[in-house]
Amino acid sequence: MPLSEQEVLDALRHVMDPDLHRDIVSLGFVKAVSIDGSDVSVRVELTTPACPVKDQLREECEARILEVAGVTSASVEMTAQVRQRQTPQGDLIPGVKHCIAIASGKGGVGKSTVTVNLAIALAETGAKVGLLDADVYGPSIPMMMGAEAERPFTSEGKIIPIERFGISMMSLGFLLEEGQAVLWRGPMVAGTVKQLLEDVAWGELDYLLVDLPPGTGDAPMSLAQLAPLTGVVIVTTPHHVAANIAGKSVQLFRRLNAPIMGVVENMAGFVCPNCGEVSQIFAGMSGEELAKKLDVPYLGSVPLDPAVSAAGDNGVPSIVSDPSRLQSASFRAIAGKLAREASIIAMSRRAPQPV
Ligand SMILES: Nc1ncnc2c1ncn2[C@@H]1O[C@H](COP(=O)(O)OP(=O)(O)O)[C@@H](O)[C@H]1O
Ligand SMILES: [Mg+2]
């Protein structure tokens, strides 16, 4: 009896997506099955190219197919198609599949550093990534990305993003003259955030990461209203105060109906420049404990490493300048978890959910 597609699909029904807790067939991830005698090839489409369990899933699929009687070879190709967030009427960035805001309760916790490195980590996996510096009080993305001297031009009435390290980015820093100070009032912040979304030719993106100003002011509010967020990432440090303030941000975003995608703990331990050993320096609550207390996902920790700071100052983010150091591995792992959270949120929104 020749092999049937049904037999292959039945075998694949045993492969579960670890985050979505359903099998990959009923999730609709199996896109093509081709059978040539006893050789089976299958294409599986995941919800993000940054999936941390991609290889594990591929191996599991291959093993399951090989268990089918009569199969002598199995080859599984993994592809990805990032699922779209909901884009209601009036959405300013309909081509953006996931808009993810990076927030912190207070300044100086490394929010911008984490944002640029996560953006590059996502782009490294093949995703199309944009970076919006909405920190109108202290736009630092141009400096961190080595693009301070850039001035964007416009085409057909839209501002063209600046490209660096495979990322499309925009910042108020590009649009202000050097040394030009802006005295912000609430409505101006909202208007500027709106412009940075509406007047920029973002095009088609899988992920747009938005570096918010610290705290819970007008920018996060307007952002959440203008472009429904997939969710928010909270960056904190192990200090007690930072952790407390992070809790307040979580409450605000919950009220704005923006899911908290998780907590990133930055400057979590000191990496000795000589021996590479990691030692804890702050005594406060760990990121993991904080996430548990706030009942939100824990995305991971990034160590305190002078190389991170030097890289940011030199305009080449540390994931590019020091790709094999500990913090770069941390950024990649966090990016993978974040992409999975985005997929989980997008999939759960497809079916109506009880509130
Ligand atoms: N993990 C880290 N290790 C060492 N220095 C860091 C780390 N993260 C951030 N920094 C440094 O801390 C300072 C504040 O970081 P920044 O990203 O500008 O914070 P924020 O955007 O929250 O104000 C910068 O000088 C940055 O280079
Ligand atoms: Mg910043």
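Which one of Q56, Q89 is outside the structural domain of H21 (by TED's automatic domain parsing) and either at pLDDT 90 or above or more than 16 Å from the chain's Cα centre (by Cα) (or both)?
Of Q56, Q89, the one residue that is outside the structural domain of H21 (by TED's automatic domain parsing) and either at pLDDT 90 or above or more than 16 Å from the chain's Cα centre (by Cα) (or both) is Q89.
Consider G300 carefully, then state whether it is more than 16 Å from ligand 2 (Cβ to nearest atom), modelled with pLDDT of 90 or more, under 20 Å from the mean Cα position of the chain (by Cα) and not aliphatic (A, V, I, L, M).
yes
Just checking, how many residues over the stretch 110-143 are in contact with a strand residue (DSSP E or B) (Cβ under 9 Å, 6 or more places away or on another chain) and within 9 Å of ligand 2 (Cβ to nearest atom)?
10
Find all pairs meeting these conditions: Cβ atoms under 9 angstrom apart; at least six residues apart or on different chains; first residue within the stretch 255-276 and free of Cβ contacts under 8 Å to residues at least 60 places away in the same chain and in the same structural domain as A307 (by TED's automatic domain parsing); second residue within 16 Å of ligand 2 (Cβ to nearest atom) and of a type outside the set (A, V, I, L, M).
Correct list of pairs: L256/P220; I260/S249; V263/T236; E265/T236; E265/T237; A268/T237.
Of N266, N257, N274, which residue is modelled with pLDDT under 85, closer than 29 Å to I167 by Cβ and not in a helix (DSSP H, G or I)?
Every option except N257 fails the conditions.
Assess whether S343 counts as being free of Cβ contacts under 8 Å to residues at least 24 places away in the same chain, under 22 Å from Y207 (Cβ atoms), part of a helix (DSSP H, G or I) and of a type outside the set (F, W, Y).
no
What single numbered condition from (1) within 15 Å of the chain's Cα centre (by Cα); (2) modelled with pLDDT of 95 or more; (3) away from ligand 1 (no atom under 16 Å from the Cβ); (4) surrounded by 19 or more Cβ atoms within 10 Å (Cβ to Cβ) fails to hold for G126?
So the condition that G126 fails would be (4).
So, in the stretch 243-273, of the ones that are within 20 Å of V308 (Cα to Cα) and small (G, A, S), which residue ends up nearest to ligand 1 (Cβ to nearest atom)?
It comes out as A268.
Test I245 against the stated conditions and say whether it is assigned to a strand (DSSP E or B), in the same structural domain as M170 (by TED's automatic domain parsing) and either under 30 Å from R83 (Cβ atoms) or in contact (Cβ under 8 Å) with a residue 12 or more places away in the chain (or both).
Judged against the criteria, I245 is not a match.
If you take the residues of the stretch 303-317 that are surrounded by 15 or more Cβ atoms within 10 Å (Cβ to Cβ) and within 16 Å of ligand 2 (Cβ to nearest atom), which of them is farthest from F165 (Cα to Cα)?
Ranking the qualifying residues of the stretch 303-317, first place goes to V308.
Against the condition within 16 Å of G247 (Cα to Cα), in the same structural domain as M145 (by TED's automatic domain parsing) and at pLDDT 90 or above, how does P317 come out, does it pass?
Criteria not met by P317.
Kindly indicate whether any position in the stretch 157-166 is at pLDDT 85 or above and in contact with a Lys or Arg (Cβ under 7 Å, 6 or more places away or on another chain).
For the stretch 157-166, residues at pLDDT 85 or above and in contact with a Lys or Arg (Cβ under 7 Å, 6 or more places away or on another chain): absent.
Restricting the search to the stretch 144-162, which residues are among the acidic types (D, E) and surrounded by 14 or more Cβ atoms within 10 Å (Cβ to Cβ)?
Answer for the stretch 144-162, where residues must be among the acidic types (D, E) and surrounded by 14 or more Cβ atoms within 10 Å (Cβ to Cβ): E148, E150.
Quick one: in the stretch 36-49, which of the residues that are under 25 Å from the mean Cα position of the chain (by Cα) and assigned to a loop (DSSP other than H, G, I, E, B) is surrounded by the fewest Cβ atoms within 10 Å (Cβ to Cβ)?
Of everything passing the filter in the stretch 36-49, P49 is surrounded by the fewest Cβ atoms within 10 Å (Cβ to Cβ).
The values are calculated or read from the model by the stated rules, or taken from the named source; none is laboratory data. Keep in mind that what you see is a predicted model, and the values were worked out from it rather than measured. Cβ: placed from backbone, ideal geometry, glycine included. Neighbour counts: every protein chain shown.
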